[in-house]
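> A single structure is presented below for examination.
The values are calculated or read from the model by the stated rules, or taken from the named source; none is laboratory data. Everything numeric here is computed off the predicted structure, so don't read it as measured data. Positions of Cβ are generated from backbone atoms using ideal geometry, with glycine treated the same way; all protein chains shown enter the neighbour counts.
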Amino acid sequence: MMPDLGKYSIYVLGAYGATLFLMAGLVLLTLRRGRAARAALKRIEEETARNGKG
Amino acid sequence: MSLWEYANPVKFLALSARVQPVAWAAALTGIVVGLGWGFFGTPDDFRQGSTVKIIYIHVPAAWIAINAWIMMLIASLIWLVRRHHVSALAARAAAPVGLVMTVIGLLTGAIWGQPMWGTWWAWDPRLTSFLILFLFYLGYIALWEAIEDPDTAADLTSVLCLVGSVFALMSRYAVLFWSQGLHQGASLSLDKEENISDVFWIPLVISIAGFTLLFIALVLYRTGTEISLRRARALAVRLDKEL
């Protein structure tokens, strides 16, 4: 149940909303960049093995 | 067994893979319980009204913003002294997390300050040193991106990190040696007289633990990403290819 935030509701909800948005963005971008980097490494390791330069 | 074993990327990644699931799960639990308890389960403050609920995000974010820089300082010193690549990459991995936490600290501080102080911003010692810390985070990240050779980038960013540490420490301790300013003293203290009431303290400590565990999980994952990218770039050079 939503607590009664009174006259400060816009400040409290704004602070929580901005924080959750930024934290979710940080986690999502971190995971996306991590997956891309690991996939790039896998591709280039396979190519290195094919070319016998490993 | 020595701590320096984990300077080996293979050993670091093996340890990281074991720690990460626990860290992610504990971080999520800490944040959900800490913020949920703080938002839904604590009363208004007699002076600050419902704005006191902002403490459960503002204090943990500021805590991580300052301590992330301290972690980067330690990792940078290890790089400068012992030349372990994993430590330089861990410092690089922590910087964007610290930057986002600094932004959250500044933003929630401004949102809290407006109804309580009547202003979004004041050139208070603690706020000003925190703003300078934000600029150091931007400069640190930009310097890593600007320099092509990773060892040179690690050297220069490590020196920048040493200089920026003054402002990280000042953000934490400014209230002790500058009495003027709007910002209140520490919310958490070993002195029970100075500490905030238990009703606010317990969810705040849980929230700080959740944010800290999230920082650990993110830095471990991001350091793994940096290690992957470094190895991929090295192999790409060997194949004479662009990554």
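> Out of B:Val10, B:Val22, which single residue is at negative phi, among the hydrophobic types (A, V, I, L, M, F, W, C), surrounded by fewer than 17 Cβ atoms within 10 Å (Cβ to Cβ) and at pLDDT 95 or above?
Exactly one of B:Val10, B:Val22 is at negative phi, among the hydrophobic types (A, V, I, L, M, F, W, C), surrounded by fewer than 17 Cβ atoms within 10 Å (Cβ to Cβ) and at pLDDT 95 or above, namely B:Val22.
> Quick one: how many residues across the range B:198-216 are under 18 Å from B:Trp69 (Cα atoms) and either among the polar types (S, T, N, Q) or touching a Cys at 6+ places or on another chain (Cβ under 7 Å) (or both)?
1
> For a quick check of your reading of the model, give me the residue pairs whose first member lies in the range B:30-43 and is in contact (Cβ under 8 Å) with a residue 24 or more places away in the chain and assigned to a helix (DSSP H, G or I), whose second is among the aromatic types (Phe, Trp, Tyr) and surrounded by 21 or more Cβ atoms within 10 Å (Cβ to Cβ), with beta-carbon atoms closer than 6 Å and at least 6 apart or on different chains.
B:Leu35/B:Tyr56; B:Gly38/B:Tyr56
> Shifting gears a bit: Any residue that is touching a helix residue (DSSP H, G or I) at 6+ places or on another chain (Cβ under 8 Å), modelled with pLDDT of 90 or more and either more than 30 Å from B:Arg231 (Cβ to Cβ) or of a type in the set (Gly, Ala, Ser) (or both) - is there at least one of those in the range B:165-177?
yes
> Restricting the search to the range A:16-35, which residues are surrounded by 16 or more Cβ atoms within 10 Å (Cβ to Cβ), within 22 Å of A:Pro3 (Cβ to Cβ) and not aromatic (Phe, Trp, Tyr)?
Within the range A:16-35, A:Ala18, A:Thr19, A:Met23 qualify.
> Here is a further query. Can you tell which of A:Ala18, A:Ala37 is within 30 Å of B:Gln114 (Cβ to Cβ), of a type in the set (A, V, I, L, M) and at pLDDT 95 or above?
A:Ala18
> Is there a residue being touching a Ser or Thr at 6+ places or on another chain (Cβ under 8 Å), assigned to a helix (DSSP H, G or I) and within 13 Å of chain A (Cβ to nearest Cβ) anywhere in the range B:66-88?
no
> Regarding the range B:70-85, can at least one residue be identified that is buried (at least 18 other Cβ atoms within 10 Å of the Cβ) and small (Gly, Ala, Ser)?
yes
> Would it be correct to say that A:Arg43 is surrounded by 11 or more Cβ atoms within 10 Å (Cβ to Cβ) and at the interface with chain B (Cβ under 7 Å from one of its Cβ atoms)?
no
> Moving to a separate point now. Out of the residues in the range B:204-226 meeting the condition of being over 13 Å from the mean Cα position of the chain (by Cα) and more than 9 Å from chain A (Cβ to nearest Cβ), tell me which one is nearest to A:Glu45 (Cα to Cα).
If we take residues in the range B:204-226 being over 13 Å from the mean Cα position of the chain (by Cα) and more than 9 Å from chain A (Cβ to nearest Cβ), then B:Thr223 is nearest to A:Glu45 (Cα to Cα).
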